[in-house]
Amino acid sequence: MAEYRDHEPAALTVPVIAAEVAERLTAAGRANEALNLLDGADPRQTKRLAGLVEWLDARIAALEALERGEEAQALRWGVVEQSLSIRHLRDYLKRLPDFEDAAEEERALELALHYPIFSQALRFLHQWPDRRRAARLILERQGELDGDSYELLGPVAEALEAQQSLAAMLCLRAMIEFSLERARTSRYRHAARHLETCRGLAAGIDDWGDVQEHTAYLTRLQQNHGRKYGFWSLVSQE
């Protein structure tokens, strides 16, 4: 504190620096001072995102040290609402009285279905995990699937294949179509493998809803991308 105040006092208004100092104050039994310091570096007042998580964590720790648990819980829930933070949700749930945690978990998981950033919502439901809701999110908001997010859609599709085949197929199709539309030849081998997986999944799907069934989808793919010979040469003709 003295080092900053003597040589760079403005630094104590930077959220990430204030958070680091506040954590040390709280650990030293000076949680009230920690809160006062954090109040002077509140990123929510300036809408600065840098250091927000660190600032919130430091504030939660100070509140807990002062036995102001309800305020700490309110902050944790706010983080869940704003960013679908799994860590903060777990911390929030484990501090609830018996039998309340299940209802609050349901409330948090329902939030994800309407969260404005689709990829963040899908990642949250996949990592929680809640495969039923992940599939529902995909089916209800399939137009928001980003085929370039293969690092997310690949694992999600794999996790959903057994019980949520239609949602898994939509993830695979998104990656296939991105590869072909952008002529990403380096991904053609993966896209061909995804198409083969789609063929296998299609055999077990009885209710397609508003999703185009596999044979019609394959016909459309050939019509739109029939000249992508590098891709079709990798596709099984069986």
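Computed from the coordinates by the stated procedures, all read-outs in this text should not be read as laboratory data. Just so it is clear, the structure is predicted and the values come from calculations on it, not from any experiment. In this analysis, Cβ positions are derived from the backbone assuming ideal geometry, glycine residues included, and neighbour counts consider all displayed protein chains.
In terms of packing, defined here as the mean over residues of other Cβ atoms within 10 angstrom, the peptides 19-28, 37-46 line up highest first as 19-28, 37-46.
FRET efficiency for the ALA27 to HIS114 pair, using the beta carbon distance and R₀ = 35 Å, is estimated at 0.35.
Taking Cα atoms only, the orientation of helix 52-65 departs from the longest principal axis of the chain by about 50 degrees. To the nearest 10 degrees, how steeply does helix 165-181 sit against the main Cα axis of the chain, on a 0 to 90 scale? Approximately 80 degrees, to the nearest ten. Computed packing ranks the peptides 103-112, 157-166 as 157-166, 103-112, most packed first, by mean other Cβ atoms within 10 Å. Summing Cβ point charges (Lys, Arg +1; Asp, Glu -1) relative to the Cα centre of region 115-238 gives a dipole of roughly 360 debye. With only the Cα atoms considered, region 115-238 has a convex hull volume of 100 Å³ per residue. Placing unit charges on each Cβ (+1 for Lys and Arg, -1 for Asp and Glu) gives the chain a dipole about its Cα centre, and among TYR217, PRO97, TYR150 the Cα reaching farthest toward its positive end belongs to TYR217. Only the Cβ atoms of Lys and Arg (+1) and of Asp and Glu (-1) were treated as charged; on that basis the dipole of the chain about its Cα centre amounts to roughly 1080 debye. Scattering from the C-alpha atoms of region 6-130 alone, worked out with Debye: what is log10 I(q)/I(0) at q = 0.13, 0.15, 0.18 1/Å? Summing over Cα pairs of region 6-130 leads to -0.58, -0.74, -0.97. Relative to the current alpha-carbon distance between LEU218 and ARG132, full extension at 0.36 nm per residue lengthens the span by 28.3 nm. The C-alpha atoms of the chain define a longest principal axis, and helix 118-127 lies at about 80 degrees to it.
Taking 0.36 nm per residue of sequence separation and removing the Cα-Cα distance, the TYR4/ARG189 pair yields an extension gain of 61.0 nm. For the Cα trace of the chain, dividing Rg by the Kirkwood Rh returns an Rg/Rh value of 1.15. If R0 is taken as 35 Å, the Cβ-Cβ distance between THR13 and ALA74 corresponds to a FRET efficiency of 0.90. Peptides 73-81, 118-126, ordered by how many other C-beta atoms sit within 10 Å of their residues on average, highest first, read 118-126, 73-81.
Estimated from the Cβ-Cβ distance and a Förster radius of 30 angstrom, the FRET efficiency linking TYR229 and LEU49 is about 0.05. Could you tell me the distance between the Cα centroids of region 94-162 and region 12-34, to the nearest Å? Cα centroid of region 94-162 versus Cα centroid of region 12-34: 34 Å apart.
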